[in-house]
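Let me begin by presenting the structure, written as structure tokens, before commenting on it.
The values are calculated or read from the model by the stated rules, or taken from the named source; none is laboratory data. Quick caveat: nothing in here was measured; it's all calculated off a predicted structure. Reconstructed Cβ throughout: ideal geometry from the backbone, glycine too, with neighbour counts over all protein chains shown.
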Amino acid sequence: MFDASYFWLTIGLLFLMIAFTRALPFIFTKTLKSNVTLQMIGRHLPAYIMMLLVIYEVGIKSFMSPPFALLAVIALLVVVVIQLWKRQLLLSLLVGVIAYVLINHIAG
Amino acid sequence: MFAVIIATVFIAFRNAFYGLSFLDRYKTGWLAKSVLVFTLVDATYAILTANPPKQGLNDIKFCLSVSLLNFVYWVAGTFLGAVMSCWIPEFDALKFVLPAFFMTVVVGFFLKSRQWHAIVAPILCMVIAYFIWPAQYFLLAILFSIITIFF
């Protein structure tokens, strides 16, 4: 049975937890700023996280068993080539998605 | 309920690492700052870190518009999708837009730093993290990546 108070309590707690985790580094701004190591992490981490996000969004499970997300990897390589060639974000995305559809279609 | 909250905290905890890159950048009033902090999602993080402010310049307005637009698109898109799910056919190809976008950001970072390390290390971290802790591999992979930064 659907329990409304249970539902709202869960939503409320989730909001608080998400807000808290996002605010965490800003709560300790002064301490974190004076730490050289953490500054270095803050500067370098974005590049690493972007690559993690690529794998995360394709889906790690598809990398773990044959054909190891081969179709998505080929489509990603198309994106890289177009981006290196034209440096046009929307063009890269458009061609990438079309390539993804075509590759999936050809591979069945 | 407890299980849901724990799982969410682990997923949301990666956002705590996102904030590390903006400690200096978000210099503004408490209201604007709260908005910036709470709307810092994956795609916003990608756009903002890929477009750093010019030396010594304050680009809070840019940050705010990117954050708010992303947030509105996201909430409105999810809402519309949920309401109209009966009428919209499933369009499988659209799920490739997000990884493709992050890939272009990876290219941008590589052109700036010319470091293969930032591309190879995360892939290895992700695979190892998935074998160790499949349920929360993303957070674990971030921690591993942080360690590899020092090598």
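How do the pairs read when you match residues in the stretch A:15-28 that are on the phi < 0 side of the Ramachandran plot with residues anywhere that are outside any helix (DSSP H, G or I), using Cβ under 8 Å and keeping only pairs 6 or more apart or on different chains?
Close Cβ pairs (under 8 Å, with a partner that is outside any helix (DSSP H, G or I)) amount to A:21/B:13; A:22/B:40; A:25/B:23; A:26/B:23; A:26/B:26.
Within the group B:16, B:46, which residue is without any contact (Cβ under 8 Å) to a residue 24 or more places away in the chain, among the small types (Gly, Ala, Ser) and at the interface with chain A (Cβ under 8 Å from one of its Cβ atoms)?
B:16
For residue B:4, are the conditions met, namely being modelled with pLDDT under 85 and either part of a helix (DSSP H, G or I) or within 13 Å of another protein chain (Cβ to nearest Cβ) (or both)?
For residue B:4, the condition - modelled with pLDDT under 85 and either part of a helix (DSSP H, G or I) or within 13 Å of another protein chain (Cβ to nearest Cβ) (or both) - is met.
Any idea which of B:112, B:54, B:27, B:61 is at the interface with another protein chain (Cβ under 9 Å from one of its Cβ atoms), among the basic types (Lys, Arg) and either surrounded by fewer than 19 Cβ atoms within 10 Å (Cβ to Cβ) or farther than 18 Å from residue A:56 by Cβ (or both)?
B:112
So which of B:71, B:96 is more than 30 Å from residue A:40 (Cα to Cα), part of a helix (DSSP H, G or I) and under 17 Å from the mean Cα position of the chain (by Cα)?
When all the criteria are applied, what remains is B:96.
Would you check if there is a residue in the stretch B:15-34 being among the acidic types (Asp, Glu) and assigned to a helix (DSSP H, G or I)? Steps first, answer last, please.
Of the stretch B:15-34, the ones among the acidic types (Asp, Glu) are B:24.
Narrowing the set further to residues that are assigned to a helix (DSSP H, G or I) leaves none.
No, because not a single residue in the stretch B:15-34 is among the acidic types (Asp, Glu) and assigned to a helix (DSSP H, G or I).
Kindly indicate whether residue B:96 is surrounded by 15 or more Cβ atoms within 10 Å (Cβ to Cβ) and more than 8 Å from chain A (Cβ to nearest Cβ).
So residue B:96 fails the test.
Quick check, is residue B:141 among the aliphatic types (A, V, I, L, M), within 8 Å of chain A (Cβ to nearest Cβ), farther than 21 Å from residue A:75 by Cα and buried (at least 20 other Cβ atoms within 10 Å of the Cβ)?
For residue B:141, the condition - among the aliphatic types (A, V, I, L, M), within 8 Å of chain A (Cβ to nearest Cβ), farther than 21 Å from residue A:75 by Cα and buried (at least 20 other Cβ atoms within 10 Å of the Cβ) - is met.
Determine which member of the set A:14, A:45 is farther than 17 Å from residue B:147 by Cα and within 7 Å of chain B (Cβ to nearest Cβ). If you could, list the steps in order and put the result at the bottom.
Values: A:45 fails: farther than 17 Å from residue B:147 by Cα.
Answer to the check: A:14.
Considering every residue within the stretch B:68-86, establish whether at least one is within 12 Å of chain A (Cβ to nearest Cβ) and hydroxyl-bearing (Ser, Thr, Tyr).
no
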